[in-house]
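Following: one structure in structure tokens, then a few remarks.
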Amino acid sequence: MAGAIAFEARKASLQDIGALLKLINSFAAKGIMLPRTEFELAENIRDFTIITTPDSLVGCGALHFYTAKAAEIRSLAVDSAFQKSGVGALLMSALEKEARAYGLHALFAFTYVPGFFRKMGYREVDRGELPLKAWKDCLRCPKFQACDEIAMLKPLREDYSLRSENIISELVPLPVLPH
């Protein structure tokens with residue numbers, strides 16, 4: 001197809017941090033993502049997959065591990081000029097491929113765009129079923145007391161279920177209290 005834009009999916013590098021900050025924090029400024037700092041991105045750069053054109057970074061997403069069986073898709077952003085061009089689906093496909101290569105059983109996400117995640121095979125779950133998120137990133141979120149994000153889950157194995165894998169107890173180790 002003449003004039004088609006060539007998109008490339010690849011793992012992010014430290015040289016991508018400036019562009020990642022710009023993209024992620026443009027959505028954070030609208031209140032639809034958590035802002036990220038240069039330190040946070042450098043610390044977690046290996047989590048990130050990016051989509052580029054020959055000229056720029058147009059999408060990003062992170063695969064953040066919580067257990068040996070489950071990871072969160074987070075910091076998912078596509079430049080507004082490239083939304084509805086297949087960049088989001090390409091990004092999700094790359095992240096899922098990576099998750100499967102690691103042998104993960106499930107992926108989850110917290111989103112304001114549940115329709116997109118449904119198209120990618122996710123289903124809505126009660127956010128209380130994935131409580132570790134609330135004790136980690138959500139504590140610094142301005143919407144912590146009135147969260148309106150939707151929890152989504154995608155099993156990567158046919159036999160996967162929240163009950164059978166007991167993701168709740170895996171994600172939140174209960175403290176051992178002295179008697």
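Checked against the criterion of being basic (Lys, Arg), crowded, with 17+ Cβ neighbours inside 10 Å and touching a His at 6+ places or on another chain (Cβ under 6 Å), the range 63-71 contains one or more residues that satisfy it. For Thr37, are the conditions met, namely being in contact with a helix residue (DSSP H, G or I) (Cβ under 9 Å, 6 or more places away or on another chain), at negative phi, among the polar types (S, T, N, Q) and surrounded by fewer than 15 Cβ atoms within 10 Å (Cβ to Cβ)? Here the answer is yes, as Thr37 does meet what is asked. Among the residues of the range 21-48, those that are aliphatic (A, V, I, L, M) and either within 15 Å of the chain's Cα centre (by Cα) or closer than 12 Å to Arg74 by Cα (or both) comprise Leu23, Ile24, Ala28, Ile32, Met33, Leu34, Leu41, Ile45.
Scan the range 1-60 for residues that are in a loop (DSSP other than H, G, I, E, B), within 24 Å of Glu149 (Cβ to Cβ) and of a type in the set (Gly, Ala, Ser) and the total you get is 3.
Readers should treat all values here as calculations from the given coordinates under stated rules, not as data from a laboratory. Bear in mind that the values here come from a model prediction, so they are computed numbers and not experimental data. When we count neighbours, we look across all protein chains shown, and the Cβ atoms used for this are built from the backbone with ideal geometry, even at glycine.
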